[in-house]
Amino acid sequence: MQEKTKKIIDLNNIKSLLFVRLGKLGDMMIAGWIIKNIRKAYPHLKIGLVTLPKSRELFRYNPDINRLKLWSPVLLPALMLERFSGWDLLVDLNDEPSSRSVLAQKLLGAKQSIAFHNQKTAGVFDVTVPIASREKSHVLDRMAVMAAALGAPAGKAGLVPCVYLKPGLKEEMLAAQQKAAGHKNKVIALNISAGHASRYWQTEKWQALARALLKKYPGVWIKVLNSPADTKDAKALIKGIGSPRVLPYHRKNLHEFLAEIAISDMLVSPDTSAVHAACGLGVPVTGLYPEPYWNFVSWKPSGKNTAAIRSPKDGVGNIGFDQVSKVVLKMAQKCVG
């Protein structure tokens, strides 16, 4: 449930704002939403972002940011120089207590600072805003509280992650996909990679799901998405499906991965950044989630045409094929039309 917060800081009275968010790609897609919202409400602002090096590519084509700064032990001395560029306001978007948030506030030396209220930020940041527990609120609802505090509230329909694609890449890849699968056929992407053992679904289950989709919907093609580390499993899966209606995929970089999702008619994926990318790109998605209830509540897919299946115990591997198949085939029916 979204908390209601009145505007605390008037951004009409400042010239520059520096966001700090040191998180994974999913975290940064959520951060992208609030940055976009602030940019739209206050086009006069100079907006900066401090993030981790691994998130750099996600913001390469983001027009909402004027300056992107990277946070790492090697680059911290350079970040300290930012205090001389006179940022008016530092906004820390970390929704969990973090020593790095406190360090960033001290190093960057903005004229004013705001963060979510917790035991580390209280008394350190000039202003703190209330935050709901992660067991009771979605991360986008928590970010909406900060947006409201900065005078940029959003309706529920607007609470979706933000992803910007490399200009022209989507169109280029869509043309290649349509040449291979046909213009009228639908493409359903299966992302088998998750980055953590608790989020992997077994290859034999992916194989059975692909076969079920291909059997039920003659106009559907399958596309297997994977990270470089899971290339061997992806090849085994494609071979096991044993159908000519499976598109080849070779991920070269993050932008191609995001574009592959954007040109898909539907996505099935474990709980990972791919789910949030699909939400931001308006692609129907079914997400598979491990057991922790707080993680499910905080990170389940947002927006329309989404579904989430939570494991009855431990990791995603304990989610049964029948349960996933029922949900995915129903969603696919809407996509196929």
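The values are calculated or read from the model by the stated rules, or taken from the named source; none is laboratory data. Here the structure is a predicted model, which is why all the values come from computation and not from measurement. Don't worry about glycine lacking a Cβ; one is built from the backbone with ideal geometry, like all the others, and counts go over all protein chains shown.
Observations on the model:
- Just one of (1) within 20 Å of the chain's Cα centre (by Cα); (2) surrounded by 18 or more Cβ atoms within 10 Å (Cβ to Cβ) fails for GLN105. It is (1).
- Members of segment 76-94 found to be charged (D, E, K, R) and modelled with pLDDT of 90 or more, listed by number: ASP88, ASP92
- For segment 177-222, a residue qualifies if it is surrounded by fewer than 17 Cβ atoms within 10 Å (Cβ to Cβ), of a type in the set (A, V, I, L, M, F, W, C) and under 24 Å from the mean Cα position of the chain (by Cα), and exactly one does: ALA197.
- Criterion violated by PRO97 - all others in (1) outside any helix (DSSP H, G or I); (2) without any contact (Cβ under 8 Å) to a residue 12 or more places away in the chain satisfied: (2)
Here's the yes/no breakdown for (1) touching a residue at least 12 places away in the same chain (Cβ under 8 Å); (2) over 16 Å from the mean Cα position of the chain (by Cα); (3) more than 16 Å from PHE116 (Cβ to Cβ):
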| position | (1), (2), (3) |
| --- | --- |
| ILE9 | yes, yes, no |
| VAL20 | yes, yes, no |
| LEU25 | yes, no, yes |
| MET29 | yes, no, yes |
| ILE34 | yes, no, no |
| ARG60 | yes, no, yes |
| ILE65 | yes, yes, yes |
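- Filtering segment 121-176 to residues that are over 30 Å from ASN12 (Cβ atoms) and in a helix (DSSP H, G or I) leaves LEU169, LYS170, GLU171, GLU172, MET173, LEU174, ALA175, ALA176.
- Subset of segment 177-208 that is in contact (Cβ under 8 Å) with a residue 40 or more places away in the chain and assigned to a helix (DSSP H, G or I) - its residue that is farthest from PRO248 (Cα to Cα): SER198
- Criterion applied to PRO43, PRO73 was being in the same structural domain as PRO153 (by TED's automatic domain parsing), surrounded by fewer than 16 Cβ atoms within 10 Å (Cβ to Cβ), out of contact with any strand residue (DSSP E or B) (no Cβ under 6 Å at 6 or more places or on another chain) and at pLDDT 95 or above, and the one residue passing it is PRO43.
- On inspection, LEU17 fails the criterion of being in contact with a Phe, Trp or Tyr (Cβ under 6 Å, 6 or more places away or on another chain) and either buried (at least 16 other Cβ atoms within 10 Å of the Cβ) or aromatic (Phe, Trp, Tyr) (or both).
- Residues located in segment 103-120, provided they are out of contact with any strand residue (DSSP E or B) (no Cβ under 9 Å at 6 or more places or on another chain) and outside any loop (DSSP other than H, G, I, E, B): LEU103, LYS106, LEU107
- Residue check for PRO292: buried (at least 16 other Cβ atoms within 10 Å of the Cβ), more than 21 Å from LYS223 (Cα to Cα) and out of contact with any Asp or Glu (no Cβ under 9 Å at 6 or more places or on another chain): yes
- Just one residue in the set LYS136, LYS235 is among the basic types (Lys, Arg) and in the same structural domain as THR306 (by TED's automatic domain parsing); that residue is LYS235.
- Residue list for segment 138-181, filter: touching a strand residue (DSSP E or B) at 6+ places or on another chain (Cβ under 8 Å) and farther than 27 Å from THR128 by Cα: GLN177, ALA180, ALA181
- Restricting the first member to segment 209-221 and to residues that are without any contact (Cβ under 8 Å) to a residue 24 or more places away in the chain, and the second to residues that are of a type in the set (D, E, K, R), no beta-carbon pair is closer than 7 Å while six or more apart or on different chains.
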